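Any read-out appearing in this document is the output of simple, stated calculations on the displayed coordinates, not a laboratory observation. Small disclaimer: the values here were computed from a predicted structure and weren't measured. Positions of Cβ are generated from backbone atoms using ideal geometry, with glycine treated the same way; all protein chains shown enter the neighbour counts.
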Amino acid sequence: MQDPRLRLLSVALLSLAAFASTAGAAAALVWWLLFTPRMKSLPRPGVLLPLVAMIAATALVSSWGGGAGLSYLFRMTVILLLAAWAYAETEDGEMLAVAVWALGNRVGFEAGLVAEMGISGLSVLRQEIEQVRTAIALKGIRPGVRSVVPLAVTLIVTQIRRADEIARLLVVRGYTIGGRICPRFRADPLDVPAAIMAVIPALLSTLPLRDVFILVG
Amino acid sequence: MDLVFSRDSFTLRGSGIFGEGVHLVSGPVGSGKSTLALLLAGLLRPESGTVRRHGVLSADLLLQFPEHHITCPTVAGEAASWGLVPEDALALAELSGRADDDPFHLSRGELKRLTLACTLLKNPDLLLLDEPFSSLDCTTKRKACGMLEERDAGITIVFSHERAVLPRVDAIWEMEGGVLAARGSVPDAIPSWRHAPPYLRYALEQGARPVNIRLSDAREALCRIRG
């Protein structure tokens, strides 16, 4: 999907559908299978598996407490697949362009700039995690619970410091509020049908299934 | 070592043997020195070929950017994370009063001093130093050179584009465009060293033959021919 406006809309609708109900999540999964490059859009196992493990752990705790753990695992995994696809498809400047298109050069520019900084922060964070992995390998530290806390503190401090540096840099360059860009979007012939189809899971998640289908039994 | 490594459009090729002593791998920025250091440290895998180690039981790499080494929220903790007694490392790095500080609050030069002190104190059989002199002032560079020269055993490989303050070395290598070339043992290698510092070039042009690559060696060689 090339048009970032339709991609963002589709992801929002499908994520809401997947979050709202298992049926919505199942429909969103079908959409993901039909309209995305599927496995090609997933990050490498070293990134994906820990995220799935975190969701599974929460689902397990939920099940223990009598909650719908399996449903939670399925719904969150579908949201993760959608997020991975959206992240893989997003190109630099797209969020800024969409925000300016939707909300104008003042509020839209601000919101878009924050979104761009957030997305670029993700890739920086990934690099920093790699650097920390290199550092602990060099120091011969065994990865474990005791080493995770100082590493997490280091990563958080680095992110806060980077955000502060970027803010100062913007001030130094004379940035106050808003900006002007002329957003242009590319589109694929399949973009509109895919976005329309994304409405179906959203509808399915809001309607009680018994009202739609005649259930026997 | 005999290897080929590729990433995007960059290809690194190198072969040779690093024996005991201090080796200088020089070359311009972006020529592949850091990549070679990572390959020799085993942190990158070559596309083809291999790095074989003989008699090397321990190895350490000083990364080019000292902040990439940080894994602890205090300076003392950072030194301890190298498996060292923090007081020793902090004393060598001249940071004794900064034990409880956040390592990110140190200047880059101070942080470089800390990481350099930690790698030198660990004294591994194979010591790889990627740009050990960057971010250091001249006095600290000279001190660092002195500490390198004091290492009396093991293999030390210095990857640097530094051309002003250098340690006494045993062999010179050059990286250019991703290709590693052995210039040979010092002093015979000095005339063929393409990235030689200006003071060495001047000494050679004057007909002097420095015994090593330091400024003092060039000066002594010039004094010898001028009487």
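Is it true that some residue in the range B:64-71 is within 9 Å of chain A (Cβ to nearest Cβ), among the acidic types (Asp, Glu) and in a helix (DSSP H, G or I)?
So the first thing to find is which residues in the range B:64-71 are within 9 Å of chain A (Cβ to nearest Cβ), and the list is B:65, B:67-71.
Filter once more, keeping what is among the acidic types (Asp, Glu): B:67.
Subset that is in a helix (DSSP H, G or I): B:67.
Within the range B:64-71, one or more residues are within 9 Å of chain A (Cβ to nearest Cβ), among the acidic types (Asp, Glu) and in a helix (DSSP H, G or I).
Need pairs with beta-carbon distance below 8 Å; first residue without any contact (Cβ under 8 Å) to a residue 12 or more places away in the chain and within the range B:88-117, second part of a helix (DSSP H, G or I) and not polar (S, T, N, Q); sequence gap 6+ or separate chains.
B:Ser96/B:Glu87; B:Ser96/B:Leu90
Given (1) over 18 Å from the mean Cα position of the chain (by Cα); (2) farther than 30 Å from B:Asn123 by Cα; (3) away from chain B (no Cβ under 11 Å); (4) surrounded by fewer than 15 Cβ atoms within 10 Å (Cβ to Cβ), identify the lone condition not met by A:Arg142.
(2)
Return the total of residues in the range B:203-227 being surrounded by 16 or more Cβ atoms within 10 Å (Cβ to Cβ) and in a helix (DSSP H, G or I).
So the count comes out to 7.
Before we move on, is A:Leu122 more than 14 Å from chain B (Cβ to nearest Cβ), exposed (fewer than 14 other Cβ atoms within 10 Å of the Cβ) and either free of Cβ contacts under 8 Å to residues at least 24 places away in the same chain or among the basic types (Lys, Arg) (or both)? Spell out the reasoning first.
Working: more than 14 Å from chain B (Cβ to nearest Cβ): yes; exposed (fewer than 14 other Cβ atoms within 10 Å of the Cβ): yes; either free of Cβ contacts under 8 Å to residues at least 24 places away in the same chain or among the basic types (Lys, Arg) (or both): no.
Here the answer is no, as A:Leu122 does not meet what is asked.
Considering (1) touching a helix residue (DSSP H, G or I) at 6+ places or on another chain (Cβ under 8 Å); (2) more than 11 Å from every other protein chain (Cβ to nearest Cβ), say which one A:Asn105 fails and leave the rest.
All conditions are met except number (1).
If only one of B:Ala91, B:Ala59 is surrounded by fewer than 20 Cβ atoms within 10 Å (Cβ to Cβ), at the interface with chain A (Cβ under 10 Å from one of its Cβ atoms), on the phi < 0 side of the Ramachandran plot and not charged (D, E, K, R), which one is it? Break it down into steps so the answer makes sense when it comes.
Numbers: B:Ala91 fails: at the interface with chain A (Cβ under 10 Å from one of its Cβ atoms).
One residue alone meets the criteria, B:Ala59.
State which residue is surrounded by the fewest Cβ atoms within 10 Å (Cβ to Cβ) when the search covers only the range A:20-79 and only residues that are polar (S, T, N, Q) and outside any helix (DSSP H, G or I). Step through it out loud before you land on a result.
Let us first name the residues in the range A:20-79 that are polar (S, T, N, Q), namely A:21-22, A:36, A:41, A:58, A:62-63, A:71, A:77.
Next cut, outside any helix (DSSP H, G or I) only: A:21, A:36.
Details: A:Ser21: 19, A:Thr36: 22.
Once the filter is applied, the top-ranked residue is A:Ser21.
Answer yes or no: is there a residue in the range A:117-134 that is β-branched (Val, Ile, Thr) and either in contact with a His (Cβ under 8 Å, 6 or more places away or on another chain) or farther than 25 Å from A:Thr90 by Cα (or both). I'd like the intermediate steps shown before the answer.
Looking only at the range A:117-134, we keep the residues that are β-branched (Val, Ile, Thr), and these are A:119, A:124, A:129, A:132, A:134.
So of that shortlist, the ones also either in contact with a His (Cβ under 8 Å, 6 or more places away or on another chain) or farther than 25 Å from A:Thr90 by Cα (or both) come out as A:132, A:134.
Yes, the range A:117-134 has at least one match.
Which residues, taken from the range A:158-185, are of a type in the set (Gly, Ala, Ser) and in contact (Cβ under 8 Å) with a residue 24 or more places away in the chain?
Kept after step one, since they are of a type in the set (Gly, Ala, Ser), are these residues of the range A:158-185: A:163, A:167, A:174, A:178-179.
Within the range A:158-185, A:Ala163, A:Gly178, A:Gly179 meet the criteria.
Quick check on the range A:154-177: of everything there that is of a type in the set (Lys, Arg) and surrounded by 11 or more Cβ atoms within 10 Å (Cβ to Cβ), which residue is farthest from the chain's Cα centre (by Cα)? Before you say what the answer is, go through the steps one by one.
Quick first cut of the range A:154-177, residues of a type in the set (Lys, Arg) only: A:161-162, A:168, A:173.
Remaining after also requiring surrounded by 11 or more Cβ atoms within 10 Å (Cβ to Cβ): A:161-162.
On the way: A:Arg161: 23, A:Arg162: 21 Å.
By that ranking, first place goes to A:Arg161.
Need pairs with beta-carbon distance below 8 Å; first residue within 15 Å of A:Met117 (Cβ to Cβ) and within the range A:83-95, second of a type in the set (S, T, N, Q); sequence gap 6+ or separate chains.
Here the result reads A:Asp92/A:Ser120, each pair linking the range A:83-95 to a residue that is of a type in the set (S, T, N, Q).
Could you tell me which numbered condition B:Arg53 fails, if it satisfies all but one of (1) under 24 Å from B:Gly154 (Cβ atoms); (2) in a loop (DSSP other than H, G, I, E, B); (3) within 13 Å of another protein chain (Cβ to nearest Cβ)?
Looking at each condition in turn, B:Arg53 falls short on (3).
What is the residue count in the range A:80-103 for residues that are acidic (Asp, Glu) and surrounded by 14 or more Cβ atoms within 10 Å (Cβ to Cβ)? Lay out the reasoning, then the answer.
Here is the first cut: in the range A:80-103, the residues acidic (Asp, Glu) are A:89, A:91-92, A:94.
Retained after the next criterion (residues that are surrounded by 14 or more Cβ atoms within 10 Å (Cβ to Cβ)): A:89, A:94.
Within the range A:80-103, residues that are acidic (Asp, Glu) and surrounded by 14 or more Cβ atoms within 10 Å (Cβ to Cβ) number 2.
Could you please let me know if B:Val179 is surrounded by fewer than 21 Cβ atoms within 10 Å (Cβ to Cβ) and within 24 Å of B:Val4 (Cβ to Cβ)? Give the steps one after another, and end with the answer.
Working: surrounded by fewer than 21 Cβ atoms within 10 Å (Cβ to Cβ): yes; within 24 Å of B:Val4 (Cβ to Cβ): yes.
Answer is yes for this residue.
Would you pick out the residues in the range A:125-139 that are basic (Lys, Arg) and more than 9 Å from chain B (Cβ to nearest Cβ)? Walk me through it before giving the result.
Step one: of the range A:125-139, the residues basic (Lys, Arg) are A:126, A:133, A:139.
Correct list: A:Arg126, A:Arg133.
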